[in-house]
Amino acid sequence: MNIIEKDSAFSLDIDFTLSPTDEEVLSLLYLPIIKGDAFALYQCLFGFSGLIKEKIFFSHEDTESFLGYDDARLLKARSSLEAIGLLDTFRKESSCDQGGKKVEYAYRLIPPATPKKFFADVLLRGGLSCAVGGKKYFELKRHFSTRQEKSYDDYAKVSALFKDVFSLNIQADDPSMIDMENSTIEKNYKSLVSFDEKEFSSQLKALSISPKSIKKDYDEIVSLSILYALSEKEAAALVSKNINTEKNFFLIPFKEDARNFKKFRHEDSKVDEASLGNSKTSQQIKKYLSVTPQSFLFSLVNAAPASFMLNEIEKLKKDLGFSNGLINVILDYSLKQTNNEFNTLFIEKVAYSLSASKINDCYTAMVYLTDREYEKNQKLGRRKKTIRKTKDDDGDDTGSKEVGLDDIKKLSDDLGI
């Protein structure tokens, strides 16, 4: 789940204590992999164990306050604990009398593996080696190898898989991978959208063009090149095409050339899902990051985007400085909310709402918008119940209406944007 529902609470199931060895394993073996936020969340949840006998439900809001986290930070920390096998998460949804929904979570905290089991697990030892390096890995392994280990029950079920959260960049001769039979490690994901300004300058100079001659429009040239996934060489070639012998550069023709540089075919809009992780959220974020807004919009509308659509994404890039991935999140969310209508008013409201909240990455944006969507559904549920009650009272049915600007405004208000 990419949301911490407002006013949601959770119960805790902790049926173990942490020995000094457990604490040492958490600090020396798990912490380098899961990092500080997840480690602090685990310790915080374990600290609540003294209150479990009183069957208390704990508030997510209080937990965030204790840790100094926001929703996105808590979700990332929780996912890390799930993926590493330290936490199981369960969710229950029920109806309220007011027409909304009540959400409860149950967290089952899991003890860390014994040192023997940790170093026998290919993903755990591989994650540690990747995090601390080969030399430190062997030092830690030697440190625990002489310990007499206690026996603990092994928890096999996890809410998220290791490879969905952690990326391993392990060399074939990595000592932690010895005897790693029939195992596969996904490659680190790398965004396909990048632009090296030093290389761009070199390409310009190779065409006898001084970067000073395009100084006035330089930032927008780079922005458009990133937006439309032009390589440094391709961007320099388009600059050369749109500069005259007197070194006067023409931005508007450059923009048109950038838009039309890469033609579309329906098969080009598909993303190779085999290269993505198993997590639905992971796949979606990688899709947002791997294509330009122009290509992403093409996949949404099943046609080459119209000029007014491209004008809008160029405006988001220029005025707000959003990354391609973040623009794709905005487009995807906005079109879903407006029944696939490209409504510039609604798109800009969503964009400026994210900007005002200082959100600049896809994951946090998805959490933020999912939270707004949840709040909208809660309000909608209460409103439908009121409408049904009113209809039952007077028997009047006003029928349906087409979506218009008033509906867009109401939708924006419902979503809090």
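The values are calculated or read from the model by the stated rules, or taken from the named source; none is laboratory data. From a predicted model like this one, the values you see are computed outputs, not experimental measurements. Neighbour counts are summed over all protein chains in view; Cβ atoms, including those assigned to glycine, are modelled from backbone coordinates with ideal geometry.
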Could you tell me which residue of region 33-62 is farthest from Lys117 (Cα to Cα), considering only residues that are of a type in the set (Val, Ile, Thr) and at pLDDT below 90?
Ile56
Thr63 is checked against (1) polar (S, T, N, Q); (2) assigned by TED's automatic domain parsing to the domain that holds Lys116; (3) assigned to a loop (DSSP other than H, G, I, E, B) and fails just one. What number does that condition carry?
(3)
Give region 323-333 a look and list any residue that's of a type in the set (S, T, N, Q) and buried (at least 23 other Cβ atoms within 10 Å of the Cβ), or say none.
Asn324, Asn328
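Collect the residues in region 319-354 that are in a helix (DSSP H, G or I) and hydroxyl-bearing (Ser, Thr, Tyr), keeping them in residue-number order.
Tyr333, Ser334, Thr344, Tyr352, Ser353
Pick out the one residue from Arg142, Arg91 that is outside any helix (DSSP H, G or I) and either basic (Lys, Arg) or modelled with pLDDT under 90 (or both).
Values: Arg142 fails: outside any helix (DSSP H, G or I).
Result of the check over Arg142, Arg91: Arg91.
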Can you work out which of the residues in region 50-93 that are of a type in the set (Gly, Ala, Ser) and without any contact (Cβ under 8 Å) to a residue 40 or more places away in the chain is farthest from Thr370 (Cα to Cα)?
Gly50
Step by step: first the residues of region 209-220, then only those that are in a helix (DSSP H, G or I), over 28 Å from the mean Cα position of the chain (by Cα) and not hydroxyl-bearing (Ser, Thr, Tyr), then the one that is surrounded by the most Cβ atoms within 10 Å (Cβ to Cβ). Which residue is that?
Ile214
